[in-house]
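S.K.: One structure follows; several queries about it will come next.
The values are calculated or read from the model by the stated rules, or taken from the named source; none is laboratory data. Computed from a prediction, not measured in an experiment: that's the story for all the values here. In this analysis, Cβ positions are derived from the backbone assuming ideal geometry, glycine residues included, and neighbour counts consider all displayed protein chains. SASA here: full protein model, heavy atoms, side chains in, ligands and nucleic acids out. Shrake-Rupley method; radii C 1.70, N 1.55, O 1.52, S 1.80 Å.
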Amino acid sequence: MAKGEVMAIEVRKVVLENVSDATGLELLIDEGVFGADDVIAVIGKTEGNGGVNDFTRILADQAFRRVLMEKGTRSEDEVGEIPMVWSGGVDGVLCPHATVFARVDAEPGPEPRVTVGIAMSDVILPEDIGRPAMVEKVAEGVRRAMKDAGITDPRDVHYVQTKTPLLTMETIAEAKARGNDVITEQTLESMDISNGTTALGIAVGLGEIEMPTAEQICRDVSLYSSVASCSSGVELDQAQTVVVGNAPVGGRYRAGHSVMDDALDIDGVYEAMRSAGLDLPQSAKAQDLGGRLVNVFVKCEADPTSRLRGRRQVMLNDSDVHHHRQIKGAVGGVVGAATGDPAVFVSVGALHQGPSGGGTVAAIVDLEPKV
């Protein structure tokens, strides 16, 4: 497989039976579903606290990269360049798992099928986070990832997953040593700011919005991307970008997207599956999926108005359990009920990612389900 070559995509979901478990990936390689050198991206959930100090993301990352090095021929540096986006926190019924994307040979056809492009942005400095410089760097990375996927029309993009840096006390000190200030000195707050700024970069890169002003970043909630899913952590200093869309590349999978208007919008989950090509009844339920859903990828947030369908919400006032964990567990229950599977990707911090109080939903379906 030549680097950057546009090919059909094989997509599989594997469960993590422990924090460093990569046996599911290893089994897929051993069974010949794809080769270790064909894997181009991994998007997964780990069982940590989802916060700044969630090292389960690093443990899972190390385990998956170790398998790719042991089973393949790529160097450590080459494997290190593979985007692996790990979102920490499986509150409630959510299950640790990973979705693996690999390029495989297939006969191109006229019908759109899943294609994936990857890119790394320029280095994002601590002082860039929450500011126009980060928006511009992310937007350029998205454009490069689209090109890598062979997508020319942004309307064919249905899911953009990113991992970006957040602020730590060390990087805050680095910025100050250069004579620069940072947007906040609260490291946990910087997670939401990084995610929101990245989402605006995705929206700019896809032409969903014009370049926002500095005053609009993380403030004007009317600005959002309908396909962005942004996570942040301490593992990197660039924006890892994975663009998932459709193109006539062959294969058996197709992507689609929609939004959840609020935390209870189960219809938004099913609408994403319809967008991907599933013919579902109006009042769909999990049994209607017929084993054709590979995975859904959902962003969520506690509604900043502290209201849900007119009812008062108190999670934003809770000093014992952070609202990130509460809303993730709640939306995970909704999405798990919709799919009949708790191994779904639900990530918190949806600022500028779908409507305020809701979030984006992407779905990948198998149009030729395995017997």
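S.K.: What do you get for Rg/Rh of the chain when both radii come from the Cα atoms and Rh is the Kirkwood radius?
M.R.: 0.94
S.K.: To two decimal places, what compactness ratio does region 251-301 give when its Cα radius of gyration is scaled by 2.2 N^0.38 Å?
M.R.: For region 251-301, the normalised Cα radius of gyration comes out at 1.11.
S.K.: Same structure, new question: Counting only the backbone N, which residues of region 352-368 are under 20 Å from the spot 7 Å out from the Cα of E111 toward its beta-carbon?
M.R.: 363-368
S.K.: Do any of K71/K328; K147/K328; K71/K147; K137/K285; K71/K163; K13/K176 go past 31 Å between their Cα atoms, and which? Kindly include the intermediate steps, with their values, before the conclusion.
M.R.: Values: K71/K328 35 Å; K147/K328 33 Å; K71/K147 29 Å; K137/K285 41 Å; K71/K163 25 Å; K13/K176 42 Å.
From K71/K328; K147/K328; K71/K147; K137/K285; K71/K163; K13/K176, over 31 Å: K71/K328; K147/K328; K137/K285; K13/K176.
S.K.: On to the next question. Give me the percent of the accessible area of region 269-351 that comes from carbon and sulfur atoms, probe 1.4 Å, all protein chains in place.
M.R.: 45
S.K.: Round to a whole number: what % of the accessible area of region 1-65 belongs to carbon and sulfur, probe 1.4 Å?
M.R.: That share works out to 51 percent.
S.K.: Moving to a separate point now. Leaving out ligands, DNA and RNA, and with a 1.4 Å probe, what % of the accessible surface on region 196-253 is carbon or sulfur?
M.R.: C and S fraction of accessible area: 48 percent.
S.K.: Spelling out what I want: for every residue of region 21-38, take phi, set θ = phi - 60°, compute 6.51 cos²θ - 1.76 cosθ + 1.60 (Karplus), and round to whole Hz; glycine and proline get x.
M.R.: Result, rounded to whole Hz: 8, 10, 5, x, 5, 4, 5, 4, 5, 5, 7, x, 4, 7, x, 4, 6, 8.
S.K.: Mind putting together the pair-distance distribution for region 1-70? All Cα pairs, 10 Å bins, whole percent per bin, short to long.
M.R.: Cα pair-distance distribution for region 1-70, in percent: 18, 48, 26, 7.
S.K.: Next up: Over the residues of region 68-136, compute the C-alpha Rg and express it relative to 2.2 N^0.38 Å.
M.R.: For region 68-136, the normalised Cα radius of gyration is 1.58.
S.K.: Right, here's the next one. Just grab the label-to-label distance for M211 and D237, each label 7 Å out from Cα along the Cβ direction, in nm (one decimal).
M.R.: Here the modelled spin labels are 2.5 nm apart.
S.K.: Per residue, how many Å² of accessible area does the chain show with a 1.4 Å probe?
M.R.: Accessible surface, normalised per residue, equals 41 Å².
S.K.: What does the extension gain come out to for Q62 and E174, with contour length at 0.36 nm per residue minus their alpha carbon separation? Spell out each step's value before the answer.
M.R.: Details: separation 112, 0.36 × 112 = 40.32 nm, distance 2.64 nm.
So the extension gain works out to 37.7 nm.
S.K.: Take L16, L27, L236, L125 and sort them by solvent-accessible surface of the protein heavy atoms, 1.4 Å probe, largest at the top.
M.R.: My answer, sorted largest first, is L27, L125, L236, L16.
S.K.: Find the relative contact order for the chain and round it to a whole percent, using C-alpha pairs within less than 8 Å whose residues are 6+ positions apart.
M.R.: Contact order relative to length: 21 percent.
S.K.: Roughly how far apart, in whole Å, are the Cα centres of region 94-126 and region 31-77?
M.R.: Rounded to whole Å, the Cα centres lie 14 Å apart.
S.K.: Next question, about the same structure. Determine the sum of side-chain charges near D54: Lys and Arg each +1, Asp and Glu each -1, restricted to other residues whose C-beta is under 14 angstrom from that of D54.
M.R.: +1
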